[in-house]
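Here the structure comes first, spelled out in structure tokens, and everything after it is commentary.
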Amino acid sequence: MVLSCLRKHSIVIILESEGFELEIWYHGHSCVQLTHGGHSLIIDPFISGNGLAVTKPQDIKVEYVLLTHGHTDHTLDALPIARNNDATIVAIHELATYMGWQGAKALGMNLGGKVSLGFAEVQMIQAFHSSSVIVDQEGKIVYAGMPAGFIIKWDGMTILHSGDTALFSDMKMIGERNQVDLAFLPIGDLFTMGPEDAVTAAEWFGAKKVVPLHFNTFPPIAQNGEQFISRLAEKGIGGRSLSPGEKMTI
């Protein structure tokens with residue numbers, strides 16, 4: 001049985017994995033921090049450049065920094081957070097190599113591959129998007145490898161972060177091969193899939209719960225997160241639209 005308890009400013013979701021309590025801290029845009037059992041990781045840290053963020057990068061304490069692709073709105077604070085924590089950046093090979101050149105500890109991997117973090121297993125899955133590091137002062141674009149998403153398996157729970165992506169049919173296959181307890185999906189449109197496609201993605205991934213990402217940070221990606229959650233509910237899928245700085249526990 002899945003039991004959900006919703007309040008105005010917080011949510012506690014109790015899922016089937018007895019004894020598991022994962023804290024999710026949403027830092028805005030596509031950045032989420034996961035903490036459980038004394039371990040913590042962060043995905044796509046874009047905090048100092050996000051006017052809606054309420055957290056400071058120096059307040060983040062993690063062991064790993066996971067990056068889905070090279071765009072600034074997903075990597076801006078990766079290096080300072082990694083340096084402050086002596087943390088390892090995990091990304092696709094080209095992006096990990098670039099981060100290593102900047103002085104970070106980096107672990108490169110590629111689509112379909114898995115890596116153990118000691119406390120959790122991470123698999124890199126495909127995403128349909130673009131990926132680069134734009135060096136404005138030099139008028140240069142650096143290739144940053146393929147965009148990706150992550151499946152994180154942690155004490156019997158499965159968490160999926162799709163990264164920036166369009167809808168694609170292999171989401172069905174990923175859903176068939178994994179029991180996704182919680183999925184983080186972009187809904188902003190223009191640069192990623194919009195709410196309608198994200199509902200379909202949630203269905204294809206077979207997600208029990210969904211948290212929307214990559215919306216409202218900038219005017220071109222303004223969306224109504226609560227309307228998206230209502231559309232999920234019509235399909236029998238639970239979820240929560242979080243505000244930057246808000247936490248939830250599963």
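No lab work stands behind these numbers, since they all come straight from the coordinates. Note that the structure is predicted; figures quoted are calculated from it, not measured. All Cβ positions, even for glycine, are placed from backbone atoms using ideal geometry, and neighbour counts span all protein chains on display.
Descriptive notes on the structure:
- Sorting 92-99, 229-236 by their mean Cβ neighbour count within 10 Å, with the most densely packed peptide first, gives 92-99, 229-236.
- Rel. contact order, % - alpha carbon contacts under 8 angstrom, at least six apart, the chain: 18 percent
- More than 23 Å apart - percent of Cα-Cα pairs taken over the range 62-166: 22 percent
- Antiparallel %, DSSP beta bridges [both residues in the chain], to 5: 60 percent
- The fewest-to-most ranking of Ile47, Ile141 by surrounding Cβ atoms within 10 Å reads Ile141, Ile47.
- Estimated Rh, the range 144-200: Kirkwood, alpha-carbon pairs, angstrom: 12.1 Å
- Where only C-alpha atoms are counted, convex hull volume of the range 21-242 per residue in Å³: 115 Å³
- Among 112-119, 22-29, sorting by the average number of other beta carbon atoms lying within 10 angstrom of each residue, highest first, gives 22-29, 112-119.
- When +1 charges are put on Lys and Arg Cβ atoms and -1 charges on Asp and Glu Cβ atoms, the dipole computed for the chain relative to its Cα centre reaches about 220 debye.
- For the chain, calculated [θ]222 nm from helices alone, where every DSSP H run of n ≥ 4 adds -39500 (n - 2.57): -5500 deg cm²/dmol
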